[in-house]
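All remarks here apply to the structure that follows.
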Amino acid sequence: MKRRDFIKVSTLLGTSAAVSPTFLLGGCSSNPLPGTGTVSATPTICDMCFWKCASHVYQEDGELWKITGNDDDLHSGGRLCTRGTGGPGAYLDPDRLKTPLMRVTVDGRQTFQPVSWDEALDYIADKMRAIAAEHGPEKMLMLNHGSGSSHFRHLLRAYGSDSRAEPAFAQCRGPRDVGFRLTVGESASSPERTDMANARCIVLIGSHIGENLHNGQVQTLAEAINRDATLITVDPRFSVPAGKSQHWLPIKPGTDLALLLSWMHVLIEEDLYDHDYVERYTVGFEQLKDHVRSYTPEWVYLETGIRPEVIRETAREMAKAAPATVVHPGRHATWYGDDTQRSRAIAMLNALLGSWNRKGGFYIPERVSLPEYPLPDYPERRYSTADAYPGKWPFASQGVTNGVIDASVGEDAFFKGWLVYGTNLPQTIPGVEQQLEAAANSLDLLVVVETMPSEMTGYADVILPECTYLERYDELRNSGERQPSLALRMPAFEPKYESKPGWWMAKQLGHRLGLDEYFPWEDFSEKLDWQLQQVGSSLEEMQKIGVKNFPRKTPLYFREGTRPRFRTPSRKIELYSRQLADKGFDPMPVYTPPDPVPEGFYRLNYGRMPAHTFGKTTNNPLLFELAPENQLWVNPLVANEWGFRSGDYVRLGSPNGVVSNRIRVRVTERIGPDSVFMAHGFGRKSRRLKLAFGVGADDSTLMSNIKIDPLMGGTGMRANFVTFVREASAGAAS
Amino acid sequence: MTRYAMVIDTKTCIGCGDCVVACKTENKVPDGLNRDWIVEATSGKYPNLTTEFRSERCNHCSNPTCVTLCPTGASHLWKDTNIVLVEPGMCTGCKACIAACPYDARLVMHPDGYIDKCTFCHHRVEQGLDPACVSSCPTHCMHFGSLDDPGSIVSQLLQNRKHKVLHPETGNEPNVYYLT
């Protein structure tokens, strides 16, 4: 950040002392101190990322002042992260979508034209009626991300479709959640159910807590550091948590699974695993023992570059602290196409340590049993999402974005209409632009609901401008936590411009589609009030407190000596997976070496920066000021070879000839000479994002070597390579 | 005189910049200016490295050269404390304080025509609250309090933990400490 321009002031020093402080020398009167006006606070749930921290929105004299965490909130502990604190920028952003827009052709050129809400909604409802009549309602697909999507899912289910896919599955968490379900019968949840607050040893494998600001994770990791817990970080990059770790294992990219298998080898070979837990709760230990026998630290060293004694020592550290050891499941898990298997290996390692659902390992989250508002049943459906790609990805527990997009292209495509809510597909799915264009040209209807003019809006027939989270009600937050807890999002302000809340759009469309009985409320708050009354609260109470925590009804961890039933076919933790074997997959994870780096290329590593939630926030004025562009981390040896210095602009090229936007070099020892690294979410292509347009580079456009996970359709993105593209202007521009 | 200090634990600071944004919104700092900032210092060669993140700002020095050198008295101490403030009505924007500050902690130029800076959120301190940066920090790595009170969190931390200040050689006696 640039605090000020450099100004030479040395000549002033000699003349400074003589003036009396009582003289009035111009300048101005003092601004009033913050908070001395009329101050009010409104509860909300943060929407700057998916963590959904409960917060208070402060106004002073009717103007938005600041947003701070709600002290009673378990997600945030009363403290927001950088992005949550920067929430006012989302509301104040002048580039927000302001009116409904429809694609029109003027003089042979397509453009968006502002239209009335009635015009936009009538158009959408007409098209939806036609799709239902001609093809069936299931051919209307929702692609979504974020808490506001529930209104539209409700609308589509009432209309007759639950066809749905979100990049949060196939481009992010899917392999992790499927891997854990296959092994322990449950997912690692969101917020992650890691008990880091009580852990004595934490293992991070390619998880950059602190660079991502998953709030509760960051806070409990910091608590663990303060308690001198042993931190083991596996990362080719000297990440933020690597810098806090007693053991940093700078692994060769793509070899994580070998290390996980070797750790299991050591735990079994040195008899360090939790015998009672394994005997009581797991199946397949003997097969696992045979399976990992060959993954000796000496052999795995050759793959991973991690010395055998380090592999042994870190395995012993884990065992020493067990069961208060968290081998962290991570979150963004779509790396190399064998990601479900790698996630399974993480779950299996936790099982050997006896840490799943044990204190200091993982806890059992509990939600409030919140009754649904009484509404008619949804109509029966003839097709599910997976019918769009029959026979593919048998363990996909949700719709697969790539699959549904492919099934939207062509005259005879499965899907005929899209409703895209809050997800910017062109930047979320690598190399998807061509398919998106083809789909957009095939579909009868493409609606995008957004707050910002994202790249995705450029594909739409109709764009519906949603107001920001500070201007609307949404569903109550009822995520599993240490304690059951509800949180309220309510409007602190009237919607700016002509934007509207999602619930209102869904109700209006419902009305036009003859679905009024599914939307019996005048205002969404009536529905929330009804639900809150059922659990002994009320809208009025929640408008005051924002968060209400309820007592637990079930234990936080396994009760010692009990035999809980796991939600797997065997009712146990499946070290050996019969259901995988039955479908022709490896019943236990098998390591495959990653593709070698082509001569003259570098591995493209990507990740997060704490100031941003990918592209969702890159145009937020407050956060843009903190971090306007991403930088390309380059090892000094590489920089020397290419003649780059920190601050130079370069372009990157992929093996198939894609050239990136220019990106500033940051020469740093924190990355090895075989890789480069950048944060995701930059290089925006939408001109209507006036701050973020064209600033920094987008990693996803450089990805041509995609590894699809055969189990669940995940998009592995880490097997990509780039090289530098020389250009005359590199270094000259600023 | 009450001596207020900030103690920042580099062991848990992740350099996320939340303190920067929290200051900005709390104090309504104009676009393009920031009263605090993040420094990342990495030493060593891959893979033998250390990285330190520091949240930096005005050190509210016990010997504040910016106050001594201010020709108009605009730079002054708040009440009977070490908190250095600028009185906008008296500041001519001469920038002497900028030259005098070893920490580069003064901002040119508030649009209203004066040199702006960190106030340790004295409007919050007056109400018994921590500065906005401290109370927003998600890792709880920042602490604030009075060094005159031996039982305060800052006194306790400085008593029990290794620490440093920036540029001790200037003799300004800074009051922002970093636990190492």
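Among the residues of segment B:56-72, those that are hydroxyl-bearing (Ser, Thr, Tyr) and within 12 Å of chain A (Cβ to nearest Cβ) comprise B:Thr65, B:Thr68, B:Thr72. In contact (Cβ under 8 Å) with a residue 24 or more places away in the chain, outside the structural domain of A:Leu419 (by TED's automatic domain parsing) and not in a strand (DSSP E or B): is that true of A:His56 in this structure? So A:His56 does not fit the description; no. Residues in segment A:455-474 that are in a loop (DSSP other than H, G, I, E, B) and of a type outside the set (A, V, I, L, M): A:Asp461, A:Cys467, A:Thr468, A:Arg472, A:Tyr473, A:Asp474.
Applying the selection to segment A:215-247, what residues are at the interface with chain B (Cβ under 7 Å from one of its Cβ atoms) and outside any helix (DSSP H, G or I)? Listed by number, the residues that qualify are A:Phe238, A:Val240. Counting only helices (runs of 4 or more DSSP H) that sit wholly inside segment A:275-394, those with at least 3 residues that are over 30 Å from A:Asn720 (Cα atoms) are A:275-281, A:285-292, A:308-321, A:339-353.
Could you go through segment B:11-18 and let me know if any residue there is in contact with a helix residue (DSSP H, G or I) (Cβ under 6 Å, 6 or more places away or on another chain), among the polar types (S, T, N, Q) and in contact (Cβ under 8 Å) with a residue 24 or more places away in the chain. Yes; the residues of segment B:11-18 include at least one that is in contact with a helix residue (DSSP H, G or I) (Cβ under 6 Å, 6 or more places away or on another chain), among the polar types (S, T, N, Q) and in contact (Cβ under 8 Å) with a residue 24 or more places away in the chain. Can you tell me which residue among A:Val404, A:Val400, A:Val409 is free of Cβ contacts under 8 Å to residues at least 60 places away in the same chain and either buried (at least 19 other Cβ atoms within 10 Å of the Cβ) or in contact with a helix residue (DSSP H, G or I) (Cβ under 9 Å, 6 or more places away or on another chain) (or both)? Sole residue among the options that is free of Cβ contacts under 8 Å to residues at least 60 places away in the same chain and either buried (at least 19 other Cβ atoms within 10 Å of the Cβ) or in contact with a helix residue (DSSP H, G or I) (Cβ under 9 Å, 6 or more places away or on another chain) (or both): A:Val409.
Could you please let me know if A:Pro236 is farther than 26 Å from A:Gly78 by Cα, buried (at least 23 other Cβ atoms within 10 Å of the Cβ) and in the same structural domain as A:Phe285 (by TED's automatic domain parsing)? Taking the combined requirement at face value, the residue satisfies it.
Is it the case that some residue within segment A:99-118 is in a helix (DSSP H, G or I) and under 26 Å from A:Tyr459 (Cβ atoms)? Checked segment A:99-118: at least one residue is in a helix (DSSP H, G or I) and under 26 Å from A:Tyr459 (Cβ atoms).
Going by what's in this entry, would B:Lys95 be described as in contact with a Lys or Arg (Cβ under 9 Å, 6 or more places away or on another chain), surrounded by 23 or more Cβ atoms within 10 Å (Cβ to Cβ), at the interface with chain A (Cβ under 7 Å from one of its Cβ atoms) and charged (D, E, K, R)? So B:Lys95 fails the test. Selection of helices (runs of 4 or more DSSP H) fully inside segment A:517-634 by the criterion of at least 2 residues being within 14 Å of chain B (Cβ to nearest Cβ) and crowded, with 19+ Cβ neighbours inside 10 Å returns A:621-626.
The residue pairs whose first member lies in segment A:148-172 and is free of Cβ contacts under 8 Å to residues at least 60 places away in the same chain, whose second member is polar (S, T, N, Q), and whose beta carbons are closer than 9 Å, counting only pairs six or more residues apart or on different chains, are A:Arg153/A:Asn144. On the given criteria, is A:Cys46 in contact with a Cys (Cβ under 8 Å, 6 or more places away or on another chain), within 12 Å of chain B (Cβ to nearest Cβ) and touching a residue at least 60 places away in the same chain (Cβ under 8 Å)? Criteria not met by A:Cys46. Here is the figure for segment A:635-659: residues that are within 22 Å of A:Trp335 (Cβ to Cβ) and within 14 Å of chain B (Cβ to nearest Cβ) total 1. B:Asp31 meets all of the listed conditions (1) within 24 Å of B:His123 (Cα to Cα); (2) at the interface with chain A (Cβ under 9 Å from one of its Cβ atoms); (3) buried (at least 17 other Cβ atoms within 10 Å of the Cβ) but one, namely (3). Taking the criterion of being within 25 Å of B:Val7 (Cα to Cα) and not charged (D, E, K, R), the residues of segment B:69-98 that qualify are B:Ser75, B:His76, B:Leu77, B:Trp78, B:Thr81, B:Asn82, B:Ile83, B:Val84, B:Leu85, B:Val86, B:Cys97, B:Ile98. When segment B:60-76 is filtered for residues that are surrounded by fewer than 21 Cβ atoms within 10 Å (Cβ to Cβ) and under 16 Å from B:Val176 (Cβ atoms), the ones remaining, listed by number, are B:Ser62, B:Asn63, B:Thr65. Is it the case that A:Leu92 is under 22 Å from A:Met456 (Cα atoms) and in contact (Cβ under 8 Å) with a residue 60 or more places away in the chain? So A:Leu92 fits the description; yes. Can we say A:Gly86 is out of contact with any Gly (no Cβ under 8 Å at 6 or more places or on another chain) and either surrounded by fewer than 24 Cβ atoms within 10 Å (Cβ to Cβ) or of a type in the set (Val, Ile, Thr) (or both)? The answer is no for A:Gly86. Residues in segment A:231-289 that are polar (S, T, N, Q) and either within 24 Å of A:Pro610 (Cα to Cα) or touching a His at 6+ places or on another chain (Cβ under 7 Å) (or both): A:Thr233, A:Ser239, A:Ser245, A:Gln246. Of the residues making up segment A:672-696, those that are farther than 23 Å from A:Glu599 by Cβ, over 19 Å from the mean Cα position of the chain (by Cα) and surrounded by 21 or more Cβ atoms within 10 Å (Cβ to Cβ) number 4. Taking segment A:98-121, which residues are touching a residue at least 60 places away in the same chain (Cβ under 8 Å) and of a type in the set (D, E, K, R)? Hits for segment A:98-121 are A:Lys98, A:Arg103.
Once segment A:541-570 is narrowed to residues that are in contact with a helix residue (DSSP H, G or I) (Cβ under 8 Å, 6 or more places away or on another chain) and among the charged types (D, E, K, R), the residue that is farthest from A:Val278 (Cα to Cα) is A:Glu541. Return yes or no: is A:Glu494 charged (D, E, K, R) and either surrounded by fewer than 20 Cβ atoms within 10 Å (Cβ to Cβ) or assigned by TED's automatic domain parsing to the domain that holds A:Asn215 (or both)? Criteria met by A:Glu494.
Okay, residues lined up against (1) away from chain B (no Cβ under 14 Å); (2) hydroxyl-bearing (Ser, Thr, Tyr); (3) over 21 Å from the mean Cα position of the chain (by Cα):
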position	(1), (2), (3)
A:Val184	yes, no, yes
A:Met196	no, no, no
A:Leu204	no, no, no
A:Thr255	yes, yes, yes
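Remark: B:Gly93 matches the filter, which requires a residue to be modelled with pLDDT under 95 and either in contact with a strand residue (DSSP E or B) (Cβ under 8 Å, 6 or more places away or on another chain) or over 30 Å from A:Pro241 (Cβ atoms) (or both). Against the conditions (1) touching a Ser or Thr at 6+ places or on another chain (Cβ under 8 Å); (2) closer than 29 Å to B:Thr50 by Cβ; (3) in contact (Cβ under 8 Å) with a residue 60 or more places away in the chain, A:Arg666 satisfies every one except (3). In the set A:Val19, A:Val57, only one residue is within 12 Å of another protein chain (Cβ to nearest Cβ) and at pLDDT below 95; that residue is A:Val19.
The values are calculated or read from the model by the stated rules, or taken from the named source; none is laboratory data. Owing to the predicted nature of the structure, the values given are computational and were not obtained by experimental measurement. All Cβ positions, even for glycine, are placed from backbone atoms using ideal geometry, and neighbour counts span all protein chains on display.
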